[in-house]
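Asker: First, the structure itself, so that you have it in front of you.
What follows draws every value from the coordinates through simple rules; no lab data is involved. The structure displayed is predicted, hence computed values, not measured ones. No Cβ is skipped: glycine too gets one built from the backbone with ideal geometry, and neighbour counts run over all protein chains shown.
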Amino acid sequence: MSTYTVQHSDTLSSIAHMHGFRSWETIYDHPDNAGFRRWRPNRNLIFPGDIINIPELAQGADSSVHPGLRPGVKPMESILDDKCCFLATRTECPYSGQKSNYTCPSGYAKQHWVCTEGSRMVGCGECVKNPSTNCWTGPFHCSIWWYM
């Protein structure tokens, strides 16, 4: 186990990517970061100087949110401007036919956006309790992505 001191413009996703993980949840949800989670219950609000425990990267481990859609190394300001290509949950939304036809349970609304991965357009969607123009607002039921 090592530690990392958060720098200006870091996100949990960029820190995870920097340390070889494909999902911020691997670091944030690790038992050794219980104190950090109590101090920073909103994983989108981390600050320079925060210290995070970095677990050992297990050989062959795959902690991806969804195959093919990987966290990028971007500061939070860019993610918000981009409508973020990051998904809030590991639970894939149910869909019929094409993934863009995903469905949400009662009480949740569809929230979707388009972003790019290299030269490909990617559709991203989530079922959210409180929809907004800010994709970091939850709670979320599920997430889904599809190539356009």
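Asker: Taking loop as defined by DSSP and a crowding limit of 14 other beta carbons within 10 Å, which trypsin sites (Lys or Arg not before Pro) in the range 1-56 fit? Could the numbers behind the result be given before it?
Answerer: Details: sites: Arg22, Arg37, Arg38, Arg43; in loops: Arg22, Arg43.
Sites meeting the loop and neighbour criteria: none at all.
Asker: Next up: Which shape class, rounded, prolate or oblate, goes with the range 2-54 when its Cα gyration tensor gives a ≥ b ≥ c as root eigenvalues, a/c under 1.5 marks rounded, and past that a/b bigger than b/c marks prolate? Provide the component values of the computation, followed by the final result.
Answerer: On the way: a/c = 1.37, a/b = 1.06, b/c = 1.29.
Rounded, because the longest to shortest axis ratio a/c is under 1.5.
Asker: Once the other residues with Cβ under 15 Å from the Cβ of Gly35 are scored (Lys, Arg +1; Asp, Glu -1), what is the net sum? Intermediate values should be presented prior to the final figure.
Answerer: Working: positive: Arg37, Arg38, Arg40, Arg43; negative: Asp29, Asp32, Asp50.
That works out to +1.
Asker: Show me, for the range 33-44, the HN-Hα J-couplings you get by feeding each phi into the Karplus relation (A = 6.51, B = -1.76, C = 1.60, θ = phi - 60°), rounded to Hz, glycine and proline as x.
Answerer: 3J(HN,Hα) across the range 33-44, in whole Hz: 10, 4, x, 4, 4, 5, 6, 10, x, 9, 5, 8.
Asker: How do Leu87, Leu45 rank when sorted from fewest to most other Cβ atoms within 10 Å of their own Cβ?
Answerer: Leu45, Leu87
Asker: Just to be sure I understand the model, the point goes 7 Å from the Cα along the line to the Cβ. What's the resulting Met121 to Glu92 distance in nm?
Answerer: 2.2 nm
Asker: Arrange the following residues from fewest to most other Cβ atoms within 10 Å of their Cβ: Tyr28, Tyr95.
Answerer: Starting with the residue having the fewest Cβ neighbours, the order is Tyr95, Tyr28.
Asker: Here is a follow-up. Which of the peptides 99-107, 139-147 is most tightly packed, and how do the rest follow, judged by the mean count of other Cβ atoms within 10 Å per residue?
Answerer: Details: 99-107: 13.0, 139-147: 19.1.
Highest-to-lowest ranking by the protection proxy: 139-147, 99-107.
Asker: Return the sequence-ordered ³J(HN,Hα) values of the range 18-25 in whole Hz as given by the Karplus equation 6.51 cos²θ - 1.76 cosθ + 1.60 applied to θ = phi - 60°, using x for Gly and Pro.
Answerer: 4, 9, x, 9, 9, 9, 4, 4
Asker: Starting with the fewest neighbours, write out Phe36, Phe47 ranked by other beta-carbon atoms found within 10 Å of each beta-carbon. Intermediate values should be presented prior to the final figure.
Answerer: Details: Phe36 19, Phe47 9.
Fewest-to-most ranking of Phe36, Phe47: Phe47, Phe36.
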